[in-house]
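Okay, here's the structure, questions in a sec.
The values are calculated or read from the model by the stated rules, or taken from the named source; none is laboratory data. The model shown is predicted, which means the values in this text are computed figures rather than measured ones. Cβ sites come from the backbone with ideal geometry, for glycine too, and all protein chains shown count toward neighbours.
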Amino acid sequence: MSRSPVVLVVILLVTSVGAGLVGADVTSVTNGYGDATPRKVSGSGPLGPPVSGGVDDDADVPAIDPAAPSGTDDAVRVGVIGSAFADSATLDGRVADRYRTTSPRFGLVAGKHDTAVASVVAERARDSSLYLASVGYEPTPDEYARAVEWLVAQDVDVIVDAGSYFPRTADGRERIAEAAERAATSGTVFVTSGGNTAKRHWRGTAANGGWVAFGDDGTQGNRLGNGTIDGTVTLRLYWEDAADYDLYLYRDTPGEDTLVAKSTRESGYAEAIDAVLPRGNYYVAVYARDPGTGPVDLYAARHRLAFAGANGSAIAPTAAPGVISVGAVGSNGRLAEYSPADTDVRADGTVRLDDGTLLRGTSAAAPRVASVVIAMTAEAGDDTLTPAEVEQLLRTTAEDGRVDPAAAVAAAADRRDGRTGRATVETGTGTAVPASATASADGNTSTDSVWVGRGP
């Protein structure tokens, strides 16, 4: 498809909160697209079906009144990982210690989202002490790992993280997952939100080289948002086997498509684009230089995709062995439209705090489940539950994947009293193994910063 070059000025995001451009490998284009344009349906027209409306964002959470925290030494120690935490009346007297991987950035207000997550735990598990680990808004995998290691060193029983992380490299994604896995291996129960990525993720395969088709009709462009968009765009492409993909961002205009940005690394297992765009219609395209044999995952961290799916949409560190990932259900009890379907368990996706603060998304579901885990831990007493046993009890007592708090706590009491014996975990091969069995981490290193997604 031949097009005349069109000039489009693009500003690459360098300092905005949450982008993280360390190790950037993105080419912005201002004088034409330079590559063949991917085929749209019938060569023109809309790029697939429209995207339905969104859900309320955590950015609308009301402010929380500050209050000076003080230390405590309750029975169950709980670590909470977040970008930043404000002082709160709900947390007053409940915070035993705090840790920050980086210095706070000038002009940034401490996160209402993460304070609300910690407050859910404080209100629902009153016999617990909190350890707050701030990783900042652009953490590197190493900084994230240090936060997890600090919490483990504090001998916390449970860690809850309600963030989603989008590193610029596959190695960075593995580092985050490995940090969570090491915590679980050490005996700490790690609970994390599945992320609100069901409408922002696409998984597929390419049978041959060339432009990847997103739909059965051969559409090769995946529209961002529902209509025109502007502002920051964060795109990630991940795969695992020996393949080679390139990532492209186009502006869709009548009669002409303009390449805005591309990421075409020649090594590794990821491509990344961060850009700030003027208002317009945009779509993403993926080119397979070598499709390999496995799937490829496309994430639009800030926008919905026209072609998307809930399965396989959970993001780091949810896929780490031993980590309990949490999805969300709506008021009708069904999987929420923004929630991944492939999480370990699910819980209500809305929590209203005592001060009226409303928290929505898998960010609300995760601390709900963590509070149940805290109660299970307290009920088990000295007969400590392993992370694998906790997950098994949550799963076996759940109703259609939705955690049943009373049943889970009762199962922990049964475990303590020896009425059910030692829990086991199915391996998927027909053989049950001890629930304490865990996988080991390989310790890969990376210094790329990540974009943190919080909110539906």
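Report, by residue number, each residue of the range 315-329 that is modelled with pLDDT under 95 and within 22 Å of Ser371 (Cβ to Cβ).
Residues satisfying the conditions are Pro317, Thr318, Ala320, Gly322.
Identify all residues within the range 201-219 that are within 23 Å of Arg168 (Cα to Cα) and in a loop (DSSP other than H, G, I, E, B); write none if there are none.
Result: Thr205, Ala206, Val212, Phe214.
Could you pull out the residue among Gly255, Gly209 that is at positive phi and not charged (D, E, K, R)?
On the way: Gly209 fails: at positive phi.
Gly255 is the lone residue from the list that is at positive phi and not charged (D, E, K, R).
I'm trying to understand the selection: among the residues of the range 355-404, which are in contact with a Ser or Thr (Cβ under 8 Å, 6 or more places away or on another chain) and assigned to a strand (DSSP E or B)?
Leu358, Leu359, Arg360
Go over the candidates Gly309, Gly349 one by one and state the one that is in contact (Cβ under 8 Å) with a residue 12 or more places away in the chain and buried (at least 23 other Cβ atoms within 10 Å of the Cβ).
It is Gly349.
Follow-up question, since we're still on this one. Tally up the residues in the range 274-301 that are over 20 Å from Gly210 (Cβ atoms) and not basic (Lys, Arg), please.
11
All but one of (1) under 22 Å from the mean Cα position of the chain (by Cα); (2) under 23 Å from Ser313 (Cα atoms); (3) not in a loop (DSSP other than H, G, I, E, B) hold for Gly231, so report the exception by its number.
Tallying (1) under 22 Å from the mean Cα position of the chain (by Cα); (2) under 23 Å from Ser313 (Cα atoms); (3) not in a loop (DSSP other than H, G, I, E, B), Gly231 fails exactly one: (2).
Hey, any hits in the range 193-201 for a residue that's touching a His at 6+ places or on another chain (Cβ under 8 Å), of a type in the set (Lys, Arg) and surrounded by 24 or more Cβ atoms within 10 Å (Cβ to Cβ)? Working first, answer last.
Initial filter on the range 193-201 (touching a His at 6+ places or on another chain (Cβ under 8 Å)): 200.
Of the ones still in play, those that are also of a type in the set (Lys, Arg) are 200.
The next check asks that each one be surrounded by 24 or more Cβ atoms within 10 Å (Cβ to Cβ); those that pass are 200.
Yes - at least one qualifying residue is present in the range 193-201.
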